[in-house]
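*Asks:* One structure is given below, represented as structure tokens, and several questions about it will come after.
Laboratory data are not the source of any read-out in this text; all were calculated from the coordinates shown. These numbers come from a predicted model, not from an experiment. All Cβ positions, even for glycine, are placed from backbone atoms using ideal geometry, and neighbour counts span all protein chains on display.
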Amino acid sequence: MKIAVVGAGNLGMALIRNAMRNAEIIAVRRRKEKTQEMEGVEFVTDIEEAGEANIFLVALKPRVFRSHLETIGDVAKSKPVISFVAGVRLEEILKHIENPFRAMTNLGIEEKGAIACYPPETAEHLRFLEAEFIYCETENELDAMTSYLGSSPALISKLFHAFVISALHQGISYDNALKAGMHAFQSAAYLYSKYGLEETIRKIATPGGTTAEGLREISGIEKGFMESLIAASRRVDEL
Ligand SMILES: NC(=O)c1ccc[n+]([C@@H]2O[C@H](COP(=O)([O-])OP(=O)(O)OC[C@H]3O[C@@H](n4cnc5c(N)ncnc54)[C@H](OP(=O)(O)O)[C@@H]3O)[C@@H](O)[C@H]2O)c1
């Protein structure tokens, strides 16, 4: 199977690193000279050179995608075109592309990660990727995933960084702080999804103990975190 990745930039390269485990890749970007040799990946500069691909993934900036809709449609014909482009809706894509789908992910996809899909059957065209699929019921839900799945690693990295810095302040080495942080963030997600917030706190916090002291201080950041995700989500409507 051959996969075309149109737009081999930050997201496109992350998708390629995952997809190259199970498929041959034709990667389209303007500046071919910026690429390193990768086994199973052919870099080209024109979308027209990707015509033999079976499936097309698009990771262009919204403005660039809009200006190339017609070309991509002509090259892909009736083959599936899966857009990872923020904010360009199916109604607009359908004017030039016969068989379009939408998806959203983040740079973690280079390792494994998750892909949100709309409509849900989009996932059937992405089985060559090692990923967990999130099935969106509406296109608005997929649009919101631009913030909650696409951008959120940058926002959460800020919280992770604060974790590391405070651990350094308390005498933990940088490497040990990183390890502790990775496990603590993963454990928090696991425990929250299994037990919910209250049960997780009940199991961890002792009356008058360390956790309670930390919880007393943390309430200030919750609103800011929510506002930041919602602001990122609103921005999608302006793209
Ligand atoms: N970055 C993320 O974390 C992330 C997460 C989720 C979704 N997305 C979505 O992914 C899309 C791309 O974002 P990005 O951050 O990956 O952008 P980017 O790093 O700027 O990548 C865009 C790529 O498009 C290529 N390109 C530009 N014009 C082209 C043309 N005419 N023909 C072929 N290729 C062309 C560029 O090639 P050159 O580099 O050679 O100029 C570049 O490789 C956006 O719609 C964004 O919403 C990004």
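*Asks:* Can you give me the Rg/Rh ratio for segment 146-238, using Cα atoms for both radii and the Kirkwood formula for Rh?
*Replies:* Rg divided by Rh gives 1.00.
*Asks:* Antiparallel DSSP bridges in segment 2-137: what percent, to the nearest 5?
*Replies:* Bridges in segment 2-137 that DSSP calls antiparallel: roughly 10 percent.
*Asks:* Ranking 136, 117 by Cβ neighbours within 10 Å, fewest first, what do you get?
*Replies:* Ascending Cβ contact count within 10 Å gives the list 136, 117.
*Asks:* Could you calculate the FRET efficiency of residue 54 with residue 227 from 1/(1 + (r/R0)^6), where r is the beta carbon distance between them and R0 is 35 Å, rounded to 0.05?
*Replies:* About 0.25, to the nearest 0.05.
*Asks:* Next question, about the same structure. Kindly provide the helix-only [θ] at 222 nm of the chain, computed as the sum of -39,500 (n - 2.57) over DSSP H runs of four or more divided by all residues, to the nearest 500 deg cm²/dmol?
*Replies:* Per the formula, -15000 deg cm²/dmol.
*Asks:* Same structure, new question: With Cβ to Cβ distances under 12 Å as the rule, what net charge do the other residues near residue 195 carry (K, R +1; D, E -1)?
*Replies:* Spelling it out: positives minus negatives among the neighbours equals +1.
*Asks:* Assuming R0 = 45 Å, what is the FRET efficiency of residue 77 and residue 174, from their Cβ-Cβ distance, to the nearest 0.05?
*Replies:* Computed FRET efficiency for residue 77 and residue 174 comes out at 0.30.
*Asks:* How do 146, 105 line up, fewest other C-beta atoms within 10 Å first?
*Replies:* 146, 105
*Asks:* Between residue 95 and residue 39, what is the spin-label point distance in nm, taking each point 7 Å from the Cα along the Cα→C-beta axis?
*Replies:* Result: 4.5 nm between the two label points.
*Asks:* If I model segment 2-137 as equal point scatterers sitting on the Cα atoms and use the Debye formula, what is log10 I(q)/I(0) at q = 0.19 Å⁻¹?
*Replies:* Ignoring solvent entirely, the Cα scatterers give -1.07.
*Asks:* Among bridges DSSP assigns within the chain, what percent are antiparallel (round to 5)?
*Replies:* Roughly 10 percent of the DSSP beta bridges within the chain come out antiparallel.
*Asks:* Where Lys and Arg each count +1 and Asp and Glu each count -1, what net charge lies around residue 85 among other residues with Cβ under 12 Å from its Cβ?
*Replies:* +3
*Asks:* In addition: Which of the GluC sites (Glu not before Pro) found in segment 116-151 are loop residues per DSSP with 11 or fewer other Cβ atoms within 10 Å of their Cβ?
*Replies:* Answer in residue order: 137.
*Asks:* Can you sort 148, 174 by how many other beta carbons sit within 10 Å, fewest first?
*Replies:* Listed from fewest to most nearby Cβ atoms, that is 174, 148.
*Asks:* Let me ask something else about it. Using the Kirkwood radius over Cα pairs, work out the Stokes-Einstein diffusion coefficient for the chain at 25 °C and 0.890 mPa s, in µm²/s as a whole number.
*Replies:* 123 µm²/s
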